[in-house]
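Have a look at the structure below before the remarks.
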């Protein structure tokens, strides 16, 4: 993915979301279904289905993108309860579905209801649910993940935990984009996220040991070399501590044999890339990500033959 052009982020992150509101009808025109993947009221996900006209244009089932939002471990929802927040994160699901990608937006448990590694266990359970329940609607052998901020901490920790990154996921997951992720939680001011992290991990020492950059430092090179391709993205106006952490994480991951892309989303701040989608403004990075997904899909010879010869068999 390449960098996006410059623009004014204040027009995107306006609390009233006027750019999204102007496109409400388009966002809400995308079919959305809601499903339960666990035993609490936080174990819920939404599936955004590409328009049927698009699905008829290809012989293959749509690729699948699963999104995990941020929120400093303490807040966040797959969709708001009242206007205008009800368009976030529906805007993201609708954006990728309109590009022919089956999009999944999932809730997960928050502080104080969980401790490490339960956030990553929820990520694992979402992905396993997708593999087991969506083969009739999407290509469950070409699953991609997009995770923002604290959601990316849970996703990165899943990837770096051999006991959680189980074989069905390792086979199906073809690429991961981690956007604005604080891989090193303690390298900035000890604010809200640090306080939440102490509750999640248990202590400052446990944060250092079990935050993503700590897990990566202890990871076996052979294990890292077998991970799916990872794209590390930061906004042009991202907090410096996140930029530093992303750069350090990329360097270690690359040194240990990981497949890493790095990209800067010029013109964006920490929150604006997500809110920009379906706004018609500053959403170029989403189109570039859709292209990145297509470029990293892998098809076996049998399915490729069937796709090119739909009347055979």
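The values are calculated or read from the model by the stated rules, or taken from the named source; none is laboratory data. Quick caveat, the model's predicted, so the values are computed rather than measured. Note that we place each Cβ from the backbone using ideal geometry, even for glycine, and neighbour counts take in every protein chain shown.
Some observations on this one:
- Those residues of segment 48-59 which are exposed (fewer than 15 other Cβ atoms within 10 Å of the Cβ) and at pLDDT 60 or above, in sequence order: 51, 52, 53, 59
- No other residue among 45, 26, 65 is in a helix (DSSP H, G or I) and either modelled with pLDDT of 95 or more or surrounded by 17 or more Cβ atoms within 10 Å (Cβ to Cβ) (or both) apart from 26.
- Residue match in segment 173-192 (condition: surrounded by fewer than 24 Cβ atoms within 10 Å (Cβ to Cβ), within 17 Å of residue 72 (Cα to Cα) and at pLDDT 95 or above): yes
- Count - residues of segment 283-311 that are at pLDDT below 95, assigned to a loop (DSSP other than H, G, I, E, B) and surrounded by 14 or more Cβ atoms within 10 Å (Cβ to Cβ): 3
- Test result for residue 235, in contact with a helix residue (DSSP H, G or I) (Cβ under 7 Å, 6 or more places away or on another chain) and loosely packed, with under 15 Cβ neighbours inside 10 Å: no
- Checked against the criterion of being touching a helix residue (DSSP H, G or I) at 6+ places or on another chain (Cβ under 8 Å), closer than 22 Å to residue 165 by Cα and assigned to a strand (DSSP E or B), segment 73-87 contains not a single residue that satisfies it.
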